[in-house]
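What follows is a set of notes on a single structure, which appears directly below.
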Amino acid sequence: GVLPGIGPALTVALLLPVTYRLDAAGSLIMFAGIYYGGMYGGSTTSILLNTPGESASIVTALEGNKMARKGRGGPALATAAIGSFVAGLIATIALAFVAPYIVKLALVFGPREYFALMVLAFVTVSSAFGDSALRGLTSLFIGFALAIVGIDQLTGQTRMSFGIPDLLDGVEVTTLAVAMFAIGETLFIVAQGQSGDDKV
């Protein structure tokens with residue numbers, strides 16, 4: 001989580017061979033610890049460097065970095081830690097009770113339900129930009145163009161891959177989010193360094 005681009009999913013995949021000698025309960029406990037630790041770890045770089053460690057920390061970068069720039073990095077990190085613990089605890093307990101009902105709902109999901117869910121996502125993104133409908137629609141179509149890259153899950157046909165094998169898996173959200181924030185922060189620091197006067 002702290003290292004940009006190495007999120008909980010990749011860490012779990014890397015440490016999967018370690019669990020071969022563990023029992024099932026020990027493996028699940030280790031994976032849960034890795035996952036929640038990685039989810040919290042992404043907030044550290046988001047707050048201090050304005051570079052999210054993984055895609056779930058994007059919102060933390062928007063507000064937490066502003067607090068760090070004002071000299072309130074400690075309270076921002078403490079808020080992220082407490083919020084991560086409380087939210088993880090509530091989510092784990094809720095999942096234990098709600099999981100059977102979610103499984104039944106997922107089994108009846110068909111093409112119509114997926115289409116309705118996509119329309120809801122499009123409307124939500126468009127309305128999130130308030131008065132600027134042009135910005136909302138532009139971001140919607142850019143996101144849609146990036147999302148359709150890869151192999152279609154229903155037909156198996158390649159879409160927008162242009163014969164490049166690396167694009168067959170699609171565009172990783174984590175890679176895209178980290179790149180956008182890291183490049184923006186780098187350009188901001190470079191611009192500040194060029195415009196600022198040297199202090200003696």
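What to note about this one:
- Among the residues of region 1-44, those that are at pLDDT below 80, under 19 Å from SER57 (Cβ atoms) and among the β-branched types (Val, Ile, Thr) comprise VAL2, ILE6, THR11, VAL12.
Here is a yes/no grid of residues against (1) under 24 Å from THR11 (Cα atoms); (2) surrounded by fewer than 23 Cβ atoms within 10 Å (Cβ to Cβ); (3) free of Cβ contacts under 8 Å to residues at least 60 places away in the same chain:
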position	(1), (2), (3)
TYR35	yes, yes, yes
SER43	yes, no, yes
LEU48	yes, yes, yes
THR51	yes, no, no
VAL59	yes, yes, yes
LYS66	no, yes, yes
GLY71	no, yes, yes
LEU77	yes, yes, yes
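- Among the residues of region 19-33, those that are surrounded by 11 or more Cβ atoms within 10 Å (Cβ to Cβ) and of a type outside the set (Ser, Thr, Tyr) comprise LEU22, GLY26, LEU28, ILE29, MET30, PHE31, ALA32.
- The set of residues in region 120-158 being surrounded by 13 or more Cβ atoms within 10 Å (Cβ to Cβ) and part of a loop (DSSP other than H, G, I, E, B) consists of PHE129, VAL149.
- Set THR19, THR51: member being of a type in the set (S, T, N, Q) and more than 26 Å from THR175 (Cα to Cα): THR19
The values are calculated or read from the model by the stated rules, or taken from the named source; none is laboratory data. These numbers were taken from a predicted model, which means no experiment stands behind them. Note that each Cβ is placed from the backbone with ideal geometry, even for glycine, and that neighbours are counted across all protein chains shown.
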